[in-house]
1. So, residue C:212, is that one in contact with a strand residue (DSSP E or B) (Cβ under 6 Å, 6 or more places away or on another chain) and of a type in the set (Ser, Thr, Tyr) or not?
2. Out of all the residues in the range C:228-255, which are over 22 Å from residue C:335 (Cβ atoms) and surrounded by 13 or more Cβ atoms within 10 Å (Cβ to Cβ)?
3. Could you list, ordered by first residue, the pairs with Cβ atoms under 6 Å in which the first is in the range D:78-96 and at the interface with another protein chain (Cβ under 7 Å from one of its Cβ atoms) and on the phi < 0 side of the Ramachandran plot and the second is within 16 Å of ligand 7 (Cβ to nearest atom) and in a loop (DSSP other than H, G, I, E, B), at least 6 apart or interchain?
4. Of all residues being buried (at least 24 other Cβ atoms within 10 Å of the Cβ) and within 16 Å of ligand 8 (Cβ to nearest atom) in the range C:316-367, which is nearest to residue C:51 (Cα to Cα)? Just the residue, please.
5. Filter the range D:102-149 down to the residues that are more than 9 Å from chain B (Cβ to nearest Cβ), among the hydrophobic types (A, V, I, L, M, F, W, C) and closer than 30 Å to residue C:328 by Cα and list them by number.
6. Within the range B:19-66, count every residue that is within 30 Å of residue A:37 (Cβ to Cβ), away from chain D (no Cβ under 11 Å) and not in a loop (DSSP other than H, G, I, E, B).
7. Output the residues belonging to the range A:280-310 that are part of a helix (DSSP H, G or I) and more than 18 Å from the chain's Cα centre (by Cα).
8. So is residue A:56 at the interface with chain D (Cβ under 9 Å from one of its Cβ atoms), in contact (Cβ under 8 Å) with a residue 40 or more places away in the chain and assigned to a helix (DSSP H, G or I) or not?
Amino acid sequence: MGVLSFLAGIIASSVVASIIAVLYSLVLPGIERKVQARVQQRIGPPILTPGWWAVLKFRYKAKTEPIAQMPGFYKSIVYLGLGVVILLFLFSTPYWWAVLGWGSILGLAGLLKLEEVLYVLMGSQSQSILSTSMPVPDLAKGAKGEGIRREFVEQHSAERALKMMAIGSIPLYLALIVPFAAAKSGLLSSVVALQNPAYSAASWFSLPLPSSPILFTVPGLLAAVVYFVGYVMLLNEKPFSILKAKIDVIEGGVLEYAADLRAVYYIMRNLLLFTLSSIFVTLFLGIPFDPFMPLLFILNMLLSLIMPVALAIFVAFSPIFTFRQIYPATIGLSALGVLAMILAASI
Amino acid sequence: MITFLRLMLEGAYRNFARIVNKADRATSIEIRRKVVTLSVPPLDTVLDETCIGCSGCYNVCPTKAITMVPLERPVEIVEGYMKTQVPRIDLEKCVYCLNCHDICPIYSVFGEAAPIHGRDVGTPHMTIQEILKKPVRAPPETIEQLSKLIPVESLALIKGGERK
Amino acid sequence: MSDQPKPANAENVVVEKELSFGPVHPALIEPYRIRLFVNDEIVEDCEINMNMVYRGVEKLLEGLPVERALLITEKVCGICSNVHAWNSVRVIEEGLKIDVPERANYIRTLTHEVQRITSHLIFFGHAFEVVGHETFAMRSFLLRETFMDILAYVGGNRVMPSVPIIGGIRPRADLTEGLKRAILERVDEFEKKYTEYVNRIVADPLVMSRLTGVGLLSKADAIKYHATGPTGRASGWDFDLRRDMKEYKSFDYNIIVLQDCDNKARVVQRALEIVESLKIIRQAVKNLPEGPVVNRSWIAGRMDFYTALLESYRGELMHSYALDGQGMIRSYKIRTPTPANLAAMEKACVGDHVTDAILTIASCDPCLACCTRAEVVESGRGRVMSDTEIIRKYGWRR
Amino acid sequence: MTLKATARRNAIHAMLFYSGGCNGCDIEAVNALLSPRYDVEQYKVLWTWNPREADVLVVSGIIAWQMLEPLKKFYAIIPEPKAVVAIGSCPINGNVYKNMVGDIGVNEEIFAPLESIIPVDVKVPGCPPRPEDIIAGVVKALPKILEAP
Ligand code: SF4
Ligand code: SF4
Ligand code: SF4
Ligand code: SF4
Ligand code: SF4
Ligand code: SF4
Ligand code: SF4
Ligand code: SF4
């Protein structure tokens, strides 16, 4: 009985949680764009346009075959990506905390890493018309660089993704460790229990508020800053958008996704945007996304707005960094993260 | 660093106002209204008021983009000269070469602001009666050249013969 | 890395791969192609292919009555429209010694400087798009609207004001009292916002870290590769044709020369030039002499090749033609600033990251609408044919 | 109104293809995109540089021969339904470069009008058209996209 009801609970909670999360996350890009537009002194698009309607519209576009080395594989990567993000999100919801110990720092970090690898794969697959295969006579007689390997911009973006993987996500992981270090446990459940003791006993309609959020301690604050920048890095947003910078590699590996594939990509990206900020709220404020506690998950969703809005403002005021700036920035941030970790462990 | 901090604080205040309160928004609401109602007016290419209906532009246009449409009620501009038609430009044929602008008498011959221009001309600050009262400054060669392009009854006006 | 750029053609340079962008690409606001030869992320060599917009303007101009030429020369480019129109009439005016009323000269200069500001603000917009800073790009385009409005008031069109004609300016572009007042008011308003904008940029550490020390073009290189206009002046080469132009004799302004040689210098160079342009605009409006705006008592006759040089927004612009007995154009030649800067751009971006290299190219303000040229190297005789010769020999088709 | 049409009407991705005009139109289009005064995004038009994402292809310029092949390729890879907006008199009739004023015959170096290469849905005349004309042109291209299956 216990197993069955647990299974039923986990399936129901997963379905409910993912549907709510996907629908909600598609509102975020609109809010992001609107905030940027306001900063830029203009009206900006209606809030549902960049997310909701765009995704729906792409669903209704004719399917086209991407130009890629292995089109089938290339197409499957984006579904894989979506799957990874959904799992990532589910792992942060309470029902999954107990499953195979995945609701832990290892589960989260592993999935995030997998997500990053996908960008490398996408990049090395895609071969859009926008660079090497553009029908212009490049290798006319007398042109420079004969016999040199010619690369697609997406492949260049894959190389950049590899570098970003190696260095770019370190701050986020360091920041992730902080709450776990403070709880002296690797499990999400204990992190939440530490901050929000009322949660485990609360009934479905109540709103258990955290008593001692980590965010309001010194290491928590430091870690939050680091987490935020890591969030920007992981989402490849400015200033860390080097692997899909519009100014040289345009969108990198996702360039060739069209029609429904692009819709999936949009969902994936926006869900990641939401998931990471939802995880932040869970970890640093102790308010998990519990699909069966309406007040609690609404609070989680509302608090999850903070990160995207902060991101939008941040993006509006920052240029794209090249690796010349990214290396020092990551090193500095990692140092900050380590400091936060040490402080957290000594609480 | 100090200046940067000061700018940051000032900027934070101003941008907060921008985000929350739509402060100093620069989007033109006028244009927005025109676009959403799909009624962006085309540029005023011919100023019917000042045109004297001479067909100079009609004759000179290299792409035959101009047609002369008869006026419902002809206007007597000066004694003995009726304006019976005004040009209309088909913008899809026009190449904006400004030949019409340059040949238009109100511009080329008298050297005043032109009522017709492939593009917007701003506001000509005169009436046609005033223009015609001024002495004519066209050299004879110009009139000679023009006479190949324009109807005879208008030519008389340029020469200034019949004018009282 | 950027401190010691490697020589482009040195033997020991390892080139791993080639990356190419364009002609349709967000970093290039118009059609051209960049091929970067990179090693990891570092650019070792670069080729810019500008031959994307061949329209044959010089050929089209041949055989036209000279007063018609103006309408085509203005459409050589939508950024420098006034420059081309002005310089094409300066050729015949100086060649045939046609008097231009002083009032017309003032208004021409005014239009020129107004368009210089719009052009420099496009540069800011473009440069900041390439830096990735959308907000600054938008702010600069917003500031630019002031001057687009002024152009529209003066000339009737935002982009192609068609102000100069042979012997003066089109009478519709004459300044009325109301217009003069409006221009002064808007210039004052602009200056306030603009100062704030520039101060904000210069104080921004993130943006400045992208600009400083990248894209070095030493003075020696600038001279060697004939960098012209702001690109050369930002590398310490004090060269501005406005010094020699009689139209500018009656204005008081400074010529900005910076010594920093990097992308920051090229941005600041243009920022400061806008301030000088504002001075000229104010003087032109305040001291506008009375009198006629066009001299129509000229007759186009035979004229030998005459070359007029003008300091356009990106450097030296040359127009040159001859007239036959009926005043028809023979052999029109245009040499625009951007091809001259091209070699300098290719040089300046060597040794930087790919993303920085594209910024460096943008910071030289490339715009190639005007500068497509066809050249055929006749291998047998080892000489370069000009486009006119090519067309004569091979006809229109390639 | 069906969900399909609503979705399509509420998110239009437009892409600019400059095929060799004088820059005038390109800059005005970029102006429409980047100047807060015009701000295309408020009309639910999102500018993109990726043909795979685009619905509306905005073409400016006279189509010089180097740009002919890229133009055809770009048009081909935009997923259906798609619309083409020609801005400026360059793609509409070749402008002065088509050479109607001189005596050397028609300029064969350029491939205007655009209609002879790809189907054109909306023409926005002007040299250059004002940014608001360009925006209105893009919005006018909508019915074709809405009605597509
Ligand atoms: S001479 Fe007469 S007909 Fe000719 S352009 Fe002038 S007004 Fe028109
Ligand atoms: S500007 Fe247009 S209407 Fe006028 S002459 Fe030229 S083509 Fe004809
Ligand atoms: S004199 Fe003749 S050719 Fe010259 S501008 Fe006047 S109408 Fe045109
Ligand atoms: S040339 Fe001028 S006056 Fe004559 S019909 Fe045309 S617009 Fe009217
Ligand atoms: S070089 Fe340029 S301006 Fe000259 S004819 Fe060729 S395309 Fe035209
Ligand atoms: S094309 Fe002519 S003008 Fe331009 S750099 Fe070469 S030689 Fe000089
Ligand atoms: S240099 Fe640039 S702005 Fe000037 S005419 Fe050439 S393309 Fe236009
Ligand atoms: S229509 Fe006019 S402004 Fe537009 S590209 Fe052509 S010549 Fe330039």
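1. Values: in contact with a strand residue (DSSP E or B) (Cβ under 6 Å, 6 or more places away or on another chain): no; of a type in the set (Ser, Thr, Tyr): yes.
No: the conditions fail for residue C:212.
2. Taking the range C:228-255 first, the residues over 22 Å from residue C:335 (Cβ atoms) are C:236, C:249-254.
Across the range C:228-255, the qualifying residues are C:236, C:250, C:251, C:253.
3. Once the first residue is at the interface with another protein chain (Cβ under 7 Å from one of its Cβ atoms) and on the phi < 0 side of the Ramachandran plot and sits in the range D:78-96, its partners that are within 16 Å of ligand 7 (Cβ to nearest atom) and in a loop (DSSP other than H, G, I, E, B) give D:89/D:127.
4. Per the criteria, the residue is C:367.
5. If the condition is that a residue be more than 9 Å from chain B (Cβ to nearest Cβ), among the hydrophobic types (A, V, I, L, M, F, W, C) and closer than 30 Å to residue C:328 by Cα, then D:104, D:106, D:110, D:111, D:112 are the ones that fit.
6. First pass over the range B:19-66, keeping only residues within 30 Å of residue A:37 (Cβ to Cβ): B:19-43.
Subset that is away from chain D (no Cβ under 11 Å): B:19-23.
Among the residues that remain, those that are also not in a loop (DSSP other than H, G, I, E, B) are: B:19-21.
Of the residues in the range B:19-66, 3 are within 30 Å of residue A:37 (Cβ to Cβ), away from chain D (no Cβ under 11 Å) and not in a loop (DSSP other than H, G, I, E, B).
7. Residues satisfying the conditions are A:285, A:294, A:295, A:296, A:297, A:298, A:299.
8. Details: at the interface with chain D (Cβ under 9 Å from one of its Cβ atoms): yes; in contact (Cβ under 8 Å) with a residue 40 or more places away in the chain: yes; assigned to a helix (DSSP H, G or I): yes.
Answer is yes for this residue.
The values are calculated or read from the model by the stated rules, or taken from the named source; none is laboratory data. Worth saying up front: this structure is predicted, and the values here are computed from it rather than measured. Methodologically, a virtual Cβ is constructed for each residue, glycine included, from the backbone with ideal geometry; neighbour enumeration extends over all protein chains shown.
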